[in-house]
Amino acid sequence: MTKHVWKHALTACMVLSTGILFAQDKEDSPEVLRRQTDAKEIISSIFSGKHYIDTTKQTHSNFSTLPSAGYNPSVGFAIGVTSTGGKVFGNPKTTTFSVVNANAYLSTNGLASFEAKNNIFTNNDIFNIQGGVQVGRTVALDYGVGTGHKVQGDGTFSIADLPLSNNADVFPIKYTYIKLSERVYRKIFNHVYAGAGVIFNIYNNIDDERKTGPNINTHNFRYSMLNNFPTLGYEANGLLFNIEYNSRDQVNRQYKGIYADIVLRMNQSWLGSDHEAMQLKTELRKYWSLSKVNPEHILAFWYWGCYLLNGSIPYLELPGTGSDASNRIGRAYTIGRFKGTSFAYSEAEYRFPITKNKLLSGVLFTNIESASNKHSINLMEFVEPGVGAGLRLLFNKYTRSNLCIDYGVGNYGSKGIFLGLNEVF
């Protein structure tokens, strides 16, 4: 579904700063960083009148803030702000860089959202704490369940994960939501963690805007009636049990390492869920640095899957395009374009520097996704491909954060520009 049109919208770049940051390894040593230029330094040089400012000798900012503004017929005019930052909570040689992200937006169509997420590592990576909170009122564009079907108006150009024009076969769903999740992992072996957590997803005031009377034909309404869910609101609350492997050198922009995560989610009626259900979520990310001289030459691979093992989940909980933690799955398609009771996604990306000072870099990517509907469409029966290229602007070299601008092309004439802060995966 979607909640974050503002944070991927057309942006005017600014950098605001507070805090101290520590170098993590030789790729982030002062000697290496001195040869790099980021957007913060360019802005500082413009206001100071100096051609170059050596910020490696100064107190460095570990927070970057990006305002945004955009328009979509379903959302209206929206303004917002997103911020990312972090710190090393321990020995920088043995402790992974911790990241905190927050964002918010307001729109003329009466929509609003606030979100804060954390990925924290304690000293020597003994504990890893992941989670966040989201609240607001937003809109989801409902294309139906499963892959392999075209809808009227496919091919409309999109920006920031949403189409620029309305589609007669796509049903906008407005709703209010509160989401809270937190997982705590404990290191049990080198790079290996085990943990548990809780998740609470509450949806209220669900409004199918195109319902026309007693014979309502929206996908959300039909699915809710068939699976015995209330049509105006429901809850999906449960327990999380996790196993994680993490050898990445950094969270925002990785040069090497592996990240693997297996999560068993059990929605429980005693926690408030309308129905009990069991889901298995799997994720794998692998990064190969192709050059010792320029470690920014990277081949990256991503697999993300979510499978319904038993029970039933509400419509707005169905996994699909944009369902990952950062809402970045499926470049080439709008958020929510494909979804199902089970969903699988795979992507490969080549990342490379363009300018010698690392200010600009580029990516080439390709991906596939597939979704089932538990009845007539099986997982991997229909596969939807995507392909594209993008630019990266180094936003803050001390946190390796960057601004992403991608152009993607998919099936059924789908195409668009996709914007975001930090790498897609």
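The values are calculated or read from the model by the stated rules, or taken from the named source; none is laboratory data. The shown structure was predicted, so the numbers you read here are calculated from the model rather than taken from an experiment. Positions of Cβ are backbone-derived with ideal geometry, glycine not excepted, and every protein chain shown enters the neighbour counts.
Any residue that is under 18 Å from S326 (Cβ atoms), in contact (Cβ under 8 Å) with a residue 60 or more places away in the chain and buried (at least 16 other Cβ atoms within 10 Å of the Cβ) - is there at least one of those in the stretch 269-279?
No, the stretch 269-279 contains no residue that is under 18 Å from S326 (Cβ atoms), in contact (Cβ under 8 Å) with a residue 60 or more places away in the chain and buried (at least 16 other Cβ atoms within 10 Å of the Cβ).
Give the number of residues within the stretch 306-341 that are out of contact with any Lys or Arg (no Cβ under 8 Å at 6 or more places or on another chain), polar (S, T, N, Q) and either closer than 24 Å to Y412 by Cα or without any contact (Cβ under 8 Å) to a residue 12 or more places away in the chain (or both).
Total meeting the criteria: 1.
Out of the stretch 343-373, which residues are over 20 Å from the mean Cα position of the chain (by Cα), within 23 Å of V383 (Cα to Cα) and small (G, A, S)?
Result: S372, single match.
Looking at this structure, is K174 within 21 Å of the chain's Cα centre (by Cα) and without any contact (Cβ under 8 Å) to a residue 60 or more places away in the chain?
So K174 fails the test.
Does Y105 fit the bill of being surrounded by 15 or more Cβ atoms within 10 Å (Cβ to Cβ), among the hydroxyl-bearing types (S, T, Y), more than 28 Å from V383 (Cα to Cα) and more than 20 Å from the chain's Cα centre (by Cα)?
For Y105, the condition - surrounded by 15 or more Cβ atoms within 10 Å (Cβ to Cβ), among the hydroxyl-bearing types (S, T, Y), more than 28 Å from V383 (Cα to Cα) and more than 20 Å from the chain's Cα centre (by Cα) - is not met.
Considering only the stretch 311-425, give the strands (runs of 3 or more DSSP E) lying wholly within it that have at least 1 residues that are closer than 30 Å to N294 by Cβ and among the β-branched types (V, I, T).
So the answer is 360-371, 384-396, 401-410, 415-421.
Would you mind finding the one in D154, D169, D249 that is among the acidic types (D, E), out of contact with any helix residue (DSSP H, G or I) (no Cβ under 8 Å at 6 or more places or on another chain) and assigned to a loop (DSSP other than H, G, I, E, B)?
One residue alone meets the criteria, D169.
Let me spell it out: the conditions are (1) touching an Asp or Glu at 6+ places or on another chain (Cβ under 8 Å); (2) at pLDDT 95 or above, and G238 meets all of them except one. Which number is the exception?
Failed condition: (1).
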